[in-house]
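Q: Encoded as structure tokens, here's the structure I'll be asking about.
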Amino acid sequence: MGEPPKIKKLEEAVINRIAAGEVIQRPVNAIKEMIENSIDAKSTNIQVTVKQGGLKYIQIQDNGSGIRREDFEIVCERFTTSKLREFEDLSTIATYGFRGEALASISHIAHLTIQSKTGNEKCAYRAAFVDGKLQESPKAVAGVQGTQIVVEDLFYNMNVRRAAMKNGAEEYQRIIDVVGKYAVHNSSIGFGLKKFNENNDIRTPPNSNAIDNIRTIYGNLIARELINFNVENDELKFKAHGYMTNVNYSTKKFTFLLFINNRLVDCTGLKKCIDQVYTTYLPKHMHPFVYLSLELDPRTIDVNVHPTKHEVHFLSEDQIIESLTSAIETKLLGSNNSRVFFVQT
Ligand code: ADP
Ligand code: MG
């Protein structure tokens with residue numbers, strides 16, 4: 001046995017890259033963060049354009065409040081945000097992104113360009129960012145109000161990740177999925193998604209409604225079989241609303257759109273229980289479509305279990321799930337006067 005190897009600290013850039021790769025695991029994670037930023041900026045139109053499933057190129061154009069010229073200096077530094085001032089805000093913050101990490105992360109693993117114009121400025125400004133830093137002072141350019149963010153060559157400095165993700169088609173499917181879900185949940189905002197130089201694959205108008213957007217995105221077979229539900233529970237302090245298919249509809253794969261406090265999240269426990277409710281009413285191995293918007297006291301949610309902030313847990317999870325699923329079951333039964341039950345074999 002010789003001397004143990006000396007412990008050294010990794011280079012700053014490497015540390016940042018590793019952290020960024022945790023937050024942004026695939027193109028769709030970057031797109032989700034940027035859509036949330038556009039929503040926070042009160043946009044009424046958000047257009048997403050990609051090449052190669054977002055691996056080569058992502059562009060998000062919104063018509064929101066824009067980013068001030070002087071904020072360009074720090075907008076991509078880690079933990080810079082316009083949405084959070086005190087540590088205590090972390091627990092009560094109602095906006096979408098809240099850790100000031102998204103743009104910083106993207107700039108560590110891709111080539112990032114931001115162009116933005118606020119209502120007060122005469123022209124737009126554009127600048128490139130590398131490793132959280134503004135490259136040169138923002139250039140004045142012609143542009144409309146709002147923000148356009150371009151992300152190129154995602155994972156260019158992470159060879160293994162890039163190699164593992166050659167399949168742009170699969171990444172594009174994930175993007176369609178996420179953009180579609182945001183379009184349903186934010187029906188007052190118009191959403192567009194397309195491949196570069198092609199027609200829109202998703203197109204919803206502003207001031208639409210959830211049902212129309214479900215029809216546009218998921219088809220009329222689902223849209224015509226929807227039951228609306230609204231649940232409120234003062235004791236458990238939650239509110240929920242959404243749409244679920246009745247017993248006339250079933251499909252091989254459970255489509256579940258879950259928003260908790262307006263963030264698209266996963267909650268495996270809740271998903272399983274809702275699916276379970278339907279097993280009595282649907283043919284074997286068949287599943288429903290459910291769009292559920294759940295509002296909880298933000299202090300009770302733990303969003304930081306995973307760096308991508310997808311899987312969430314909350315206080316009184318079991319009781320809330322129980323209360324929700326029983327409300328859903330009641331609604332399901334109530335809507336089904338003819339009571340067509342499928343016999344399980
Ligand atoms: P966070 O959303 O947690 O604040 P981000 O890294 O996602 O962190 O964004 C940093 C800041 O950049 C935001 O707080 C916001 O001020 C600004 N920003 C990002 N995207 C937009 C946008 N599309 N429109 C206006 N401002 C934006
Ligand atoms: Mg954000």
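The values are calculated or read from the model by the stated rules, or taken from the named source; none is laboratory data. Keep in mind that this is a model prediction, so the values were computed, not measured. For neighbour counting, all protein chains shown are included, and Cβ atoms are generated from backbone atoms with ideal geometry for every residue, glycine included.
Q: Could we say that Tyr156 is touching a residue at least 12 places away in the same chain (Cβ under 8 Å), touching a helix residue (DSSP H, G or I) at 6+ places or on another chain (Cβ under 8 Å) and within 20 Å of Leu193 (Cα to Cα) here? Spell out how you get there, then give the answer.
A: Details: touching a residue at least 12 places away in the same chain (Cβ under 8 Å): yes; touching a helix residue (DSSP H, G or I) at 6+ places or on another chain (Cβ under 8 Å): yes; within 20 Å of Leu193 (Cα to Cα): no.
The answer is no for Tyr156.
Q: Something else now. Within the stretch 218-232, does at least one residue satisfy the condition of being aromatic (Phe, Trp, Tyr), within 18 Å of the chain's Cα centre (by Cα) and surrounded by 21 or more Cβ atoms within 10 Å (Cβ to Cβ)? Walk me through it before giving the result.
A: Here is the first cut: in the stretch 218-232, the residues aromatic (Phe, Trp, Tyr) are 218, 229.
So of that shortlist, the ones also within 18 Å of the chain's Cα centre (by Cα) come out as 218.
After this cut, where a residue has to be surrounded by 21 or more Cβ atoms within 10 Å (Cβ to Cβ) as well, the list is none.
There is no residue in the stretch 218-232 that is aromatic (Phe, Trp, Tyr), within 18 Å of the chain's Cα centre (by Cα) and surrounded by 21 or more Cβ atoms within 10 Å (Cβ to Cβ).
Q: I've got another one for you. What number of residues in the stretch 250-264 are touching a residue at least 40 places away in the same chain (Cβ under 8 Å) and surrounded by 19 or more Cβ atoms within 10 Å (Cβ to Cβ)?
A: Within the stretch 250-264, the first condition is being touching a residue at least 40 places away in the same chain (Cβ under 8 Å), and the residues that meet it are 257, 259-264.
Those left that are additionally surrounded by 19 or more Cβ atoms within 10 Å (Cβ to Cβ): 257, 259-261, 263-264.
Number satisfying all stated conditions: 6.
Q: So Lys166 fits all but one of (1) in a loop (DSSP other than H, G, I, E, B); (2) touching a helix residue (DSSP H, G or I) at 6+ places or on another chain (Cβ under 6 Å); what number is the exception?
A: That leaves (2) as the condition not met.
Okay, residues lined up against (1) within 14 Å of ligand 2 (Cβ to nearest atom); (2) of a type in the set (D, E, K, R); (3) more than 16 Å from the chain's Cα centre (by Cα); (4) at pLDDT 75 or above:
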position: Ile58; (1), (2), (3), (4): no, no, no, yes
position: Ser65; (1), (2), (3), (4): yes, no, yes, yes
position: Glu70; (1), (2), (3), (4): no, yes, yes, yes
position: Arg85; (1), (2), (3), (4): no, yes, yes, no
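Q: With the checklist (1) under 28 Å from Gly190 (Cα atoms); (2) modelled with pLDDT under 95; (3) acidic (Asp, Glu) in hand, flag the one item Asp302 doesn't pass.
A: Of the numbered conditions (1) under 28 Å from Gly190 (Cα atoms); (2) modelled with pLDDT under 95; (3) acidic (Asp, Glu), the odd one out for Asp302 is (1).
Q: So, one more: Which residues, counting only those in the stretch 20-42, are part of a helix (DSSP H, G or I) and in contact with a Lys or Arg (Cβ under 8 Å, 6 or more places away or on another chain)? I'd like the intermediate steps shown before the answer.
A: As a first pass, look at the stretch 20-42 and keep what is part of a helix (DSSP H, G or I): 20-23, 27-40.
Once the filter is applied, which keeps residues that are part of a helix (DSSP H, G or I) and in contact with a Lys or Arg (Cβ under 8 Å, 6 or more places away or on another chain), the stretch 20-42 yields Gly21, Pro27, Val28, Glu36, Asp40.
Q: Among Thr95, Thr80, which is the only one that is at pLDDT below 75 and out of contact with any Lys or Arg (no Cβ under 9 Å at 6 or more places or on another chain)? Even if it seems obvious, please write down each step before you answer.
A: Numbers: Thr95 fails: out of contact with any Lys or Arg (no Cβ under 9 Å at 6 or more places or on another chain).
From the options Thr95, Thr80, the qualifying one is Thr80.
Q: Okay, moving on. If Ala327 meets every condition in (1) surrounded by 18 or more Cβ atoms within 10 Å (Cβ to Cβ); (2) modelled with pLDDT of 85 or more; (3) not basic (Lys, Arg) apart from one, which number is that one?
A: (1)
Q: Same structure again: Being out of contact with any helix residue (DSSP H, G or I) (no Cβ under 8 Å at 6 or more places or on another chain) and in a strand (DSSP E or B) is the filter here; which residues of the stretch 174-231 pass it?
A: Gly190, Gly192, Lys194, Asn200, Asn228, Asn230
Q: Give the stretch 129-143 a look and list any residue that's modelled with pLDDT of 95 or more, among the aliphatic types (A, V, I, L, M) and within 13 Å of Arg69 (Cα to Cα), or say none.
A: Result: Ala140, Val141.
Q: Cβ-Cβ under 6 Å, sequence separation 6+ or interchain: first residue in the stretch 30-41 and farther than 17 Å from Gly190 by Cβ, partner near ligand 2 (Cβ under 9 Å from one of its atoms) and not in a loop (DSSP other than H, G, I, E, B). Which pairs?
A: These pairs meet every condition: Glu33/Ala102.
Q: Exactly one of (1) modelled with pLDDT under 95; (2) surrounded by 15 or more Cβ atoms within 10 Å (Cβ to Cβ); (3) among the polar types (S, T, N, Q) is unmet by Asn120. Its number?
A: All conditions are met except number (2).
Q: Tell me yes or no: at least one residue of the stretch 180-193 is under 20 Å from Asn248 (Cβ atoms) and of a type in the set (S, T, N, Q).
A: So far as the stretch 180-193 goes, no, none of its residues is under 20 Å from Asn248 (Cβ atoms) and of a type in the set (S, T, N, Q).
Q: Turning to a different aspect of this structure: How many of the residues in the stretch 50-85 are of a type in the set (D, E, K, R), in a loop (DSSP other than H, G, I, E, B) and within 23 Å of Asp131 (Cβ to Cβ)? Explain how you work it out, then say what you get.
A: As a first pass, look at the stretch 50-85 and keep what is of a type in the set (D, E, K, R): 51, 56, 62, 68-71, 73, 77-78, 83, 85.
This time we only want the ones that are in a loop (DSSP other than H, G, I, E, B), so: 56, 68, 77-78, 83, 85.
Add one more test, that the residue is within 23 Å of Asp131 (Cβ to Cβ), and what stays is 56, 68, 77-78, 83.
Summing the residues that are of a type in the set (D, E, K, R), in a loop (DSSP other than H, G, I, E, B) and within 23 Å of Asp131 (Cβ to Cβ) in the stretch 50-85 gives 5.
Q: For the subset of the stretch 1-49 comprising residues that are of a type in the set (D, E, K, R) and more than 29 Å from Glu170 (Cβ to Cβ), which member is farthest from ligand 2 (Cβ to nearest atom)?
A: The first filter runs over the stretch 1-49 and keeps only residues of a type in the set (D, E, K, R), leaving 3, 6, 8-9, 11-12, 17, 22, 26, 32-33, 36, 40, 42.
When the remaining residues are screened for being more than 29 Å from Glu170 (Cβ to Cβ), the result is 3, 6, 8-9, 11-12, 42.
Details: Glu3: 46, Lys6: 39, Lys8: 33, Lys9: 29, Glu11: 26, Glu12: 23, Lys42: 14 Å.
So, considering only residues that are of a type in the set (D, E, K, R) and more than 29 Å from Glu170 (Cβ to Cβ), the one farthest from ligand 2 (Cβ to nearest atom) is Glu3.
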